[in-house]
1. Hey, can you tell me all the residues within segment 174-200 that are within 14 Å of residue 136 (Cβ to Cβ) and either exposed (fewer than 10 other Cβ atoms within 10 Å of the Cβ) or of a type in the set (D, E, K, R) (or both)?
2. Of everything in segment 96-116, what is in a helix (DSSP H, G or I) and exposed (fewer than 13 other Cβ atoms within 10 Å of the Cβ)? Give them in sequence order.
3. Testing residue 75 on (1) surrounded by fewer than 16 Cβ atoms within 10 Å (Cβ to Cβ); (2) in a strand (DSSP E or B), one condition comes back false. Which one is that?
4. With the structure loaded, tell me whether residue 167 is open to solvent by 60 Å² or more (accessible area, probe 1.4 Å) and among the aliphatic types (A, V, I, L, M) or whether it fails that test.
5. Residues being open to solvent by 60 Å² or more (accessible area, probe 1.4 Å), free of Cβ contacts under 8 Å to residues at least 24 places away in the same chain and under 15 Å from residue 39 (Cβ atoms): count how many of those fall in segment 126-150.
6. What is the one condition in (1) open to solvent by 40 Å² or more (accessible area, probe 1.4 Å); (2) outside any loop (DSSP other than H, G, I, E, B); (3) of a type in the set (A, V, I, L, M, F, W, C); (4) in contact (Cβ under 8 Å) with a residue 12 or more places away in the chain that residue 93 does not satisfy?
7. State all residues of segment 138-176 that are hydrophobic (A, V, I, L, M, F, W, C) and closer than 18 Å to residue 117 by Cα; if no residue qualifies, say none.
8. Give 139, 131 a once-over and let me know the one that is assigned to a strand (DSSP E or B) and not assigned by the TED database to the domain that holds residue 73.
Amino acid sequence: MASQDEIALFEDEVRSCYSHLGTMTDLVAVWEVALSDGIHKIEFEHGTTSGKRVVYVDGKEEIRREWMFKLVGKETFSVGVAKTKATINIDAVSGFAYEYTLEIDGKSLKKYMENRSKTTNTWVLHLDGVDFRIVLEKDTMDVWCNGKKLETAGEFVDDGTETHFSIDNHECYIKAVSSGKRKEGIIHTLIVDDKEIAETACL
């Protein structure tokens, strides 16, 4: 037979579970945004009767407005280590239906990600039981690993350049070589412990 303490604990768990559900009933949109420092989750709550607006980034509350007379509009906040500007647009579609769109750095999320795929390279690899997400920003040659910008050393070689860095005890470098074709531009290859790592698309 359960003790009074066990019953009280169970009731508290049920209450906390239901209170969490209650707070999320106004959740209207969820987006995932891949930046150099990681993949960020953005959640938006919109109470269409009270006008309440709540923005969460990676589970942390960034904006809360309880009573908003105007149901349409926008909310602007920042995402990630680099404080990338993000804006949620709230537009009325018809009657009491609303549309929610996310902009990153002034571009639609789709346009931003398309542009990002041209300006960055991403690799995901597994080393010593740990997953690593490595991102190269081609315009600055900055290298990020699991949310942190790495110390790197660049060096010129016969057929291009090499950007050297280390992950734990593993020697790594990104080799940049001209493709010889204008459309393709420079090809970047990640080498870890003298092995080439395949690039990961759309992350």
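1. 175, 199
2. Within segment 96-116, the first condition is being in a helix (DSSP H, G or I), and the residues that meet it are 109-116.
Of everything in segment 96-116, those that are in a helix (DSSP H, G or I) and exposed (fewer than 13 other Cβ atoms within 10 Å of the Cβ) turn out to be 110, 114.
3. (1)
4. Numbers: open to solvent by 60 Å² or more (accessible area, probe 1.4 Å): no; among the aliphatic types (A, V, I, L, M): yes.
No, not satisfied.
5. Residues that pass the stated criteria total 1.
6. (4)
7. Quick first cut of segment 138-176, residues hydrophobic (A, V, I, L, M, F, W, C) only: 141, 143-145, 150, 153, 156-157, 165, 167, 172, 174, 176.
Matches in segment 138-176: 141, 143, 144, 145, 174, 176.
8. Numbers: 139 fails: assigned to a strand (DSSP E or B).
Going through 139, 131 in turn, the sole match is 131.
The values are calculated or read from the model by the stated rules, or taken from the named source; none is laboratory data. In this text, all values refer to a predicted model and were calculated from it rather than measured experimentally. Please note: Cβ atoms are built from the backbone with ideal geometry, for glycine as well, and neighbour counts cover all protein chains shown. Keep in mind that these areas ignore ligands, DNA and RNA; they rest on the heavy atoms of the full protein, side chains included. Shrake-Rupley method; radii C 1.70, N 1.55, O 1.52, S 1.80 Å.
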